[in-house]
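A short worksheet on the structure shown next.
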Amino acid sequence: MKALREAGATVVDAFGELPAAVVEILKRMKGQSLMSEADKNAVWNSAVTRIEPNRVAVRGYDIAELMGRVSFGTSVYLILTSELPSPAIGRLMDAILVASIDHGATPPSALAARTVASTGASLSASVAAGIMSINRHHGGAIEDCARHLKRIADRATRESISMDEAASRTLAEMRETGERMPGFGHRYHTKDPRTARLFELAREAGVDGMHMKAARAVEKSFADAKKALPINVDGAIGAILADLGMNPAAFNGIFMIARTPGLVAHVIEEQTREKPMRRIDPVNHGYDGPPARSLTTNEHE
């Protein structure tokens with residue numbers, strides 16, 4: 001209260017003093033509205049960004065103040081949730097975006113972007129083609145996995161059973177209907193190298209809610225059934241974002257945000273290295289970029 005008063009705020013000592021304090025403030029304002037003329041005359045409103053002459057405010061924060069002070073992952077979290085995350089969660093968001101930045105030329109989004117680029121299309125059109133291919137079966141496992149994990153966690157609570165039992169029962173029902181559990185297994189990796197790192201950062205950020213617990217239960221159920229289906233990066237991201245309380249409707253969008261730089265790189269490479277209208281082999285291609293390199297603290301921190 002002392003700090004608020006020193007900052008110029010009106011502070012009352014009891015709830016009953018609020019009406020008089022409000023009247024006094026209104027007198028000082030001399031009838032002026034707290035809303036700008038533009039806001040009063042607006043046909044519709046947005047709570048995302050306010051644009052005024054010489055000022056841009058994202059969720060209320062001056063963008064010039066954010067620049068150089070918060071990371072891109074932190075900014076993505078802010079614009080999607082309306083709140084700034086803790087430094088640890090901001091770091092976790094950065095890791096999620098880095099984890100999905102690219103996965104080679106074989107995913108449908110990269111092949112679509114390169115195919116369109118080979119026709120002579122613009123960068124924007126080619127990248128858009130890649131983005132449009134991100135759907136239920138490519139990138140969509142993040143959202144689908146989160147929803148299935150919630151279903152398992154809710155079942156454990158509803159039926160008063162362990163998370164392991166809820167996972168086993170749910171997976172058994174899914175097998176009977178021919179439904180596949182999204183976010184587990186990978187066509188290339190038997191142990192996705194990105195998953196362990198994301199869970200490590202999540203633990204450091206204090207994130208380990210019902211979705212991550214359900215994910216571990218599903219992984220255990222597969223292992224008990226002698227099926228090698230560990231959680232993949234999509235499943236890990238879905239569990240973590242859900243435990244952060246983010247809206248699952250944004251999960252596919254977060255994957256699109258992360259993958260866009262990779263698509264830009266593929267399109268530019270296609271436009272500058274390859275012949276137009278070539279037949280793109282989705283599998284039989286090599287790598288001739290920089291050799292394996294190690295990230296050192298002295299170089300980047």
message: With θ taken as phi - 60° and the coefficients 6.51, -1.76 and 1.60, list the Karplus ³J(HN,Hα) couplings across the range 99-105 in order, rounded to whole Hz; mark glycine and proline as x.
response: 4, 10, 5, 6, 9, x, 8
message: What number does the range 149-301 give for Rg over Rh if you use C-alpha atoms and the Kirkwood radius?
response: 1.06
statement: Around Ala156 (Cβ within 13 Å, Cβ-to-Cβ, excluding Ala156; K/R +1, D/E -1) the net charge comes to +3
statement: Listed by chain and number, the residues whose amide H is under 5 Å from that of Phe184, excluding neighbours fewer than 5 places away on the same chain and using placed H, are Asn232
- line: Residue by residue through the range 132-140, the couplings from Karplus 6.51 cos²θ - 1.76 cosθ + 1.60 with θ = phi - 60°, in Hz, x for Gly and Pro, are 5, 8, 7, 9, 4, 9, 9, x, x
- line: Residues whose built amide H sits under 5 Å from the amide H of Thr49, excluding neighbours closer than 5 in sequence, are Arg59
- request: Please state the charge dipole magnitude for the range 132-273, taken about the Cα centre, from unit charges on C-beta atoms (+1 on K and R, -1 on D and E), reported in debye and rounded to the nearest 20.
  value: 200
query: Tell me, what is the percent relative contact order of the chain, built from C-alpha pairs under 8 Å that lie six or more residues apart?
result: 21
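Between Rg and the Kirkwood Rh of the range 161-243, both from Cα atoms, what is the Rg to Rh ratio?
Result: Rg/Rh = 0.96.
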- request: With +1 on each Lys and Arg Cβ and -1 on each Asp and Glu Cβ, and nothing else charged, work out how big the dipole of the chain is about its Cα centre, in Debye to the nearest 20.
  value: 420
task: Report in % the part of the accessible area of the chain that belongs to carbon and sulfur, leaving out ligands and nucleic acids; probe 1.4 Å.
output: 57
- prompt: Karplus couplings for the range 238-254 from phi (6.51 cos²θ - 1.76 cosθ + 1.60, θ = phi - 60°), rounded to Hz, Gly and Pro as x?
  reply: x, 5, 5, 4, 5, 6, 7, x, 7, 6, x, 4, 8, 5, 4, x, 5
field: Taking the range 178-301 and dividing mean pair separation by its residue count, relative contact order in percent (alpha carbons under 8 Å, at least six apart)
entry: 27
message: From the Cα trace of the chain, what convex hull volume per residue do you get, rounded to a whole Å³?
response: 250
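The values are calculated or read from the model by the stated rules, or taken from the named source; none is laboratory data. The structure presented is a predicted model; accordingly, all values stated were derived computationally and were not measured. Neighbour counts are summed over all protein chains in view; Cβ atoms, including those assigned to glycine, are modelled from backbone coordinates with ideal geometry. When the accessible area is computed, the model is the full protein with side chains, heavy atoms only, and any ligands, DNA or RNA have been set aside. Shrake-Rupley method; radii C 1.70, N 1.55, O 1.52, S 1.80 Å.
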